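Here is the structure we will look at, set down as structure tokens.
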Amino acid sequence: MTTEEVLKLLQASPAHISGEQISKSLNISRAAVWKAVKQLQQAGYEIEAAPRRGYRLASVPDRLDAAKIAACLPDHPWLPNLQIFEEIGSTNTYAKQLAAEGAPGGTVILAERQTAGRGRLGRSFCSEPGGLYMSVILRPSEKPESLMHLTAAAAVAAMRAVEESCGVKADIKWTNDLVVGRRKLCGILTELSMDFDTRLVDAVIVGIGINCNQTSLDPAISDMATTLRHETGAAVDRNLLAANLVCAFYALSETLLSQKENWLRRFRERCITPGQDVMLLRGGEVRYAHAEAIGPDAELIVRLPDGSAESIASGEVSVRGMYGYTN
């Protein structure tokens, strides 16, 4: 709340306003003022800081805006089911709740920030202001074995949206991280629920987190991640990116099964994991292998030290030279 109050004071003042004035107006410490200014700068607000004069808001970032997204997607069938939050615990958790309550396929949740973002294998997902955090509900009503390639297709869809929005060419680390120069740009979390009467998939929740306009990243990930702003040298239009993501995932929902080979072909073209030495982690067990190929359902085919081959469909796969794996 303090950050929003500081922003309101800066927006109301055409000239510089001192940290002391802000501190007195909001009854907070000077340290809290400084922290709020830093958070705003990390979110993309350009704030000038001058000795003895204080702070001045020079420019504001693009905010996620339903009207701007709609302008990029005239008459798109998913627009009526699009929701935007300034802050939310987890877009995936909320989407799962909506799906359980009967929300239709094509429901899209967007957030400026997550306070409890989730990644794969129960990890937390760093969700700083300036990124783009989105979850979409899909209703495939298919047997789960027919959807083994869905996570790979989701990576391709996100990759296409990024490239169309700002020209950044991202690759894919199996199974669904987008990377640029071996640094992580985007993470994807796919979760599904079953209808146990029909034994069909009732809903799939695809969550996407993309580093966009952050000017700095959390120290825990700064040495292994990148942002679109860093790659392009300028802030990117997150509303355009959100619109392109909606288009990409609509195409995925319409063609996932009918164009399975096309999705897999594109995934194989851009997946950098085959040809790399990898570390396999599953259930506390660690093994080393060499990744050789992508299988018919997007599984990773690896060669173990004893010469045997194995297909990996789940678990964690670390690539040597990425995300801190150097063994």
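Here are the numbers for this structure:
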{"item": "Residue identified as crowded, with 16+ Cβ neighbours inside 10 Å, at pLDDT 95 or above and in a loop (DSSP other than H, G, I, E, B) among 201, 179, 162, 168", "result": "168"}
{"item": "Matching helices (runs of 4 or more DSSP H) fully within region 226-327 where at least 2 residues are open to solvent by less than 20 Å² (accessible area, probe 1.4 Å), under 20 Å from residue 172 (Cβ atoms) and at pLDDT 95 or above", "result": "238-255, 260-270"}
{"item": "Some residue of region 214-225 being free of Cβ contacts under 8 Å to residues at least 60 places away in the same chain, surrounded by fewer than 19 Cβ atoms within 10 Å (Cβ to Cβ) and out of contact with any strand residue (DSSP E or B) (no Cβ under 9 Å at 6 or more places or on another chain)", "result": "yes"}
{"item": "From 208, 188, residue being closer than 28 Å to residue 294 by Cα and without any contact (Cβ under 8 Å) to a residue 60 or more places away in the chain", "result": "188"}
{"item": "Sole residue being at pLDDT below 95 and surrounded by fewer than 23 Cβ atoms within 10 Å (Cβ to Cβ), chosen from 122, 131", "result": "122"}
{"item": "Residue within region 181-201 that is in contact with a Pro (Cβ under 6 Å, 6 or more places away or on another chain) and not hydroxyl-bearing (Ser, Thr, Tyr) present", "result": "yes"}
{"item": "Sole exception among (1) within 22 Å of residue 39 (Cα to Cα); (2) in contact with a helix residue (DSSP H, G or I) (Cβ under 8 Å, 6 or more places away or on another chain) for residue 222, by number", "result": "(2)"}
{"item": "Qualifying residue in region 10-24 (condition: crowded, with 16+ Cβ neighbours inside 10 Å, assigned to a helix (DSSP H, G or I) and touching a Ser or Thr at 6+ places or on another chain (Cβ under 7 Å))", "result": "yes"}
{"item": "Odd one out for residue 82, checked against (1) under 28 Å from the mean Cα position of the chain (by Cα); (2) among the aliphatic types (A, V, I, L, M); (3) under 25 Å from residue 230 (Cβ atoms)", "result": "(3)"}
{"item": "Residue count, region 210-243 (criterion: of a type in the set (Val, Ile, Thr) and closer than 27 Å to residue 81 by Cα)", "result": "2"}
{"item": "Residues of region 1-46 satisfying the condition of being at pLDDT 90 or above, in contact with a Phe, Trp or Tyr (Cβ under 7 Å, 6 or more places away or on another chain) and under 29 Å from residue 228 (Cα atoms)", "result": "37"}
{"item": "Residue count for region 235-265, restricted to those that are of a type in the set (Gly, Ala, Ser) and touching a Cys at 6+ places or on another chain (Cβ under 9 Å)", "result": "3"}
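Residue by residue, here is whether (1) within 20 Å of the chain's Cα centre (by Cα); (2) farther than 20 Å from residue 203 by Cβ holds:
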residue	(1), (2)
71	no, yes
103	no, no
129	yes, yes
151	yes, no
154	yes, no
169	yes, yes
172	yes, yes
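The values are calculated or read from the model by the stated rules, or taken from the named source; none is laboratory data. Values in this document were obtained by computation on a predicted structure and should not be read as measured data. Because the Cβ atoms are built from the backbone with ideal geometry, glycine has one as well, and the counts that use them run over all protein chains shown. Quick note on the areas: whole protein, heavy atoms, side chains included, nothing else; ligands and nucleic acids left out. Shrake-Rupley method; radii C 1.70, N 1.55, O 1.52, S 1.80 Å.
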